[in-house]
Each structure stands twice: as C-alpha cells, then as structure tokens.
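Participant: Attaching a single structure in structure tokens format; questions to follow.
The values are calculated or read from the model by the stated rules, or taken from the named source; none is laboratory data. None of these values were measured; they are calculated from a predicted model. Positions of Cβ are generated from backbone atoms using ideal geometry, with glycine treated the same way; all protein chains shown enter the neighbour counts. Accessible surface is based on the protein model in full, side chains and every heavy atom, while ligands, DNA and RNA are left aside. Shrake-Rupley method; radii C 1.70, N 1.55, O 1.52, S 1.80 Å.
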Amino acid sequence: MKRAAINTSVFLMVLYAGLLLTAFLPKKTFSEQEKRYLSEKPELTRESVLSGRFMDEAELWLTDHMPFREAFRSLYAGTSYAAGRRRIEGIYTAEDGFLMEVLSKEELSGSLFRTNVEALSSFVTEVKEAGIAVYIMPVPPSGAMLSGKLPALVPMYDLTGARQYFTEQVGEAYLDLTTVLTEETDYYRTDHHWSAEGAYKAYAFWQEKRGIACKPIESLSRALVSEGFFGTFYAKAPLPWIKGDKVYAYSAPSEKGKLTVTADGRNLSGLFDETKLGSRNDAYTYFLGGNYGKLLIRRESVPGGKLLVIKDSFANCFLPYASMDFNEVHAIDLRYFNGSVQEYIRENGITEVLCLFGFNEFARDRNIWKLEEE
C-alpha cells in the first residue's frame, strides 16, 4: 500500500509539473522539427464546451505545447526502433542513415494517379498543337532509386507500371530519370527532395534531349548552405543518431548576366534566400525562399526563349540551372495558382514547357486537373 501511494504521488507530481510548465512556459507558434504550425490556445465559450469542441482543441493544444516535446518525440522514435520497428510515422529507417518513404501499389496505380497522368496527356496534346515543345519529368524518390537500403521484408518500390503508363499517355514527352538518378548523393538522407547535385544531372539529361551539351557541374560556383540539414522525413522520424545532410547550392558564372526574380507580384533578392544559410530544419527553402503560385526569372544577355515550368517544390533547386539558358523562366505551382495555364502560355509568349514534380507528390496531387481548365 505504501509503495502504491508513493508511486501515485510521484505520478501526480509529474503530471501537475507538466501542466504548470505547459501553462507558464513561452509558447512556440511553429515547430521547426515537425515543420508545421502548432495549435492555438482554444477559446472557452458556452458553445465550444457544449459541442465538445473545446475539449478536443484543448487536448490538441496541450499535446502541441507539452514541455520538451521535441526531446520526447526523439525518445519515442528511438525506443520504437529499439523495439524492432523500422517504420515510424510512415517513414522507413534504411541503411547508411537514410530515411525513406514507400508508396503503396494502390497509390501508384490508383484512380487519382491515372487521372493526373491523363490530365497531363491532354495538356501535352494541346501544347504540341500550339507548336510548343513540352517535356514531362517526374522525379523518382529515393525509396525507389535506392531501394536496396530499405529494411528486409519491406514491399519493394516498383515504378515499372507507373513509368509504362506515363509512356503510353504522353509518349516521347516523358523523360525517364530512373536511369539518371542512381547515386546516394542525388538525394538527401533526411528529406523527400532530391539534392542540387541530382537536379543538375536531370538538367543535363533534359538539355541533352533538347540537343544541348552541358558543362560539368564543377564549372559552376558552389556554396555550402548547411552542414546539418534535417528534412521532412526526419520531422516524422526524429531518430537521435541520424546525422544531418550537407546542402550545397550552385550558381551560374557571372558572365551569364544580371537577373531579376519576382514571385506573386513582389521582387525577390535573387534565386537564393540568404537568411536560410546554416539552417538545420529549413535549408531547402534556401532555393527561391519557398513556393509561389507564379514566379518569373529574367536574365540579361541570354538569347534563349521563354520557358514555363509547371512544378512542385522539387523544381526549386532546378530553376537556377534552367535560368542559365532562357531569357525568361516562368514557374507555376498548381497548388497556389488558380488561373488558366493555357491562357498564361498565350499571354506570355511561352516557347517551351517543362512539367517537373516529385513522383510521390504527383501521385497524391489533387491540383493537376487545373491543367485542363481554360
């Protein structure tokens, strides 16, 4: 009885201490580790109490603002791994410090994926009929390209059927990067994006298809953005022994000419957001500073035409390369753009189109239908 009373007392002390710390410690509005905004303190009203909404929101608020939350998340991930779990919050712990995501066969062959590919096919046909060159370049994920690092018994990530369907629907416009992105350095270990090095290999492959030979990446200026970047996969599975990624950015030689960058009607300082230098959790946004509905890069002294890139965030580290070859590079992110893409092409005199997005992200994207909107 005495031991039980002591245990109960200790438990209550810890519980009350946690509640006091939650109540009085300064509150964060954004979790850098989880890469999301935290819930706001719920408003106590008669209606919210009677409906039960207040208790739900209060529980979420207490969970989000629990003291030492990030340390507890890392402890949970570590103990889960020690217990034999190799899949934490949907992320697999792979060899050599890689964290990976594996899409199910249903996601890669389901109705949404097929509908998105068919929307792309209709778009490609319309663009070609207007006499404009168009390429489709989905980026295969690390879980597919480096699948040998995945734990045993994990269903293998097979893109064969998805690639075949792309080929059937868009024909020669489809550029298959599975023969290009074959090295560890093409991807980050802790994030879903490809690296700037992987993006350059895709850029050179695309240019080759356009009949243009590229110089090696070593001919560009290189900058170290971060020595310890912890990306989106780490945000879900923050294992304490995982090492951060090194992030590099590459820029054109000065003779390529002065450039201006505008995004959603405002001027940016350039292709890179210098405030993100050294960032541990947000280093990838060094490229362009994030995502926008419409982005325009103009470069002086470049005689090339006008490229439109229909994109998601994978294109952010690709666009600095593309800007070396076109007088204007336009970019549209369908998640934030609600106009007519065809009308945009006509109004801006676009001479070439490239659709560039992550394979996984495309399979889940519910905005691709916008390509068919006039």
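Participant: Name, by its number, the condition in (1) more than 30 Å from SER340 (Cα to Cα); (2) surrounded by 14 or more Cβ atoms within 10 Å (Cβ to Cβ) that does not hold for GLU107.
Facilitator: The single condition GLU107 does not satisfy is (1).
Participant: Tally time: how many residues in the range 133-143 are open to solvent by 20 Å² or more (accessible area, probe 1.4 Å) and of a type outside the set (Ser, Thr, Tyr)?
Facilitator: 1
Let's see how each residue does on (1) touching a Pro at 6+ places or on another chain (Cβ under 9 Å); (2) modelled with pLDDT under 95; (3) closer than 30 Å to LEU75 by Cα:
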| site | (1), (2), (3) |
| --- | --- |
| THR182 | no, no, no |
| LYS201 | no, no, no |
| VAL225 | no, no, yes |
| ALA235 | no, yes, yes |
| PRO238 | no, yes, yes |
| LYS246 | no, no, yes |
| ALA249 | yes, no, no |
| LEU259 | no, yes, no |
| GLY265 | no, yes, no |
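Participant: Given LEU99, LEU75, LEU50, which one is at pLDDT below 85 and surrounded by 13 or more Cβ atoms within 10 Å (Cβ to Cβ)?
Facilitator: Just a single option satisfies the conditions, and that option is LEU75.
Participant: Which ones in the range 290-305 are modelled with pLDDT of 95 or more and either of a type outside the set (Lys, Arg) or not in a strand (DSSP E or B) (or both)?
Facilitator: Listed by number, the residues that qualify are ASN291, TYR292, GLY293, LEU295, LEU296, ILE297.
Participant: Please state which of the following conditions TYR284 fails to meet, knowing it meets all the rest: (1) in contact with an Asp or Glu (Cβ under 8 Å, 6 or more places away or on another chain); (2) in a loop (DSSP other than H, G, I, E, B).
Facilitator: It is condition (2) that TYR284 fails.
Participant: Just to be sure, is PRO303 open to solvent by less than 50 Å² (accessible area, probe 1.4 Å) and not β-branched (Val, Ile, Thr)?
Facilitator: When the stated conditions are applied, PRO303 does not pass them.
Participant: Out of LEU268, LEU296, LEU308, which single residue is surrounded by 20 or more Cβ atoms within 10 Å (Cβ to Cβ), over 19 Å from the mean Cα position of the chain (by Cα) and not β-branched (Val, Ile, Thr)?
Facilitator: Going through LEU268, LEU296, LEU308 in turn, the sole match is LEU308.
Participant: Which number in (1) on the phi > 0 side of the Ramachandran plot; (2) surrounded by fewer than 22 Cβ atoms within 10 Å (Cβ to Cβ) marks the one condition that LEU288 misses?
Facilitator: (2)
Participant: Do the conditions hold for GLY84, that is, is it more than 22 Å from the chain's Cα centre (by Cα) and modelled with pLDDT of 90 or more?
Facilitator: Here the answer is no, as GLY84 does not meet what is asked.
Participant: Of the numbered conditions (1) without any contact (Cβ under 8 Å) to a residue 60 or more places away in the chain; (2) out of contact with any Lys or Arg (no Cβ under 7 Å at 6 or more places or on another chain), GLU300 fails exactly one; give the number of that condition.
Facilitator: Looking at each condition in turn, GLU300 falls short on (2).
Participant: In addition: In this structure, is ASN367 without any contact (Cβ under 8 Å) to a residue 40 or more places away in the chain and over 23 Å from SER121 (Cβ atoms)?
Facilitator: no
Participant: Then there's this: Got a sec? Which of PHE337, PHE326, PHE314 is open to solvent by less than 10 Å² (accessible area, probe 1.4 Å) and in a loop (DSSP other than H, G, I, E, B)?
Facilitator: Answer to the check: PHE326.
Participant: Within the range 339-349, can one find any residue that is under 20 Å from the mean Cα position of the chain (by Cα), within 22 Å of PHE113 (Cα to Cα) and not β-branched (Val, Ile, Thr)?
Facilitator: So far as the range 339-349 goes, no, none of its residues is under 20 Å from the mean Cα position of the chain (by Cα), within 22 Å of PHE113 (Cα to Cα) and not β-branched (Val, Ile, Thr).
Participant: Of the residues in the range 93-135, how many are within 30 Å of LYS149 (Cα to Cα) and of a type in the set (Gly, Ala, Ser)?
Facilitator: Qualifying residue count for the region: 6.
Participant: Does any residue in the range 78-107 that is more than 17 Å from GLY358 (Cα to Cα) and in a loop (DSSP other than H, G, I, E, B) come within less than 6 Å, Cβ to Cβ, of a residue that is β-branched (Val, Ile, Thr) and open to solvent by less than 20 Å² (accessible area, probe 1.4 Å) six or more places away or on a different chain, and which pairs are these?
Facilitator: ARG86/THR93
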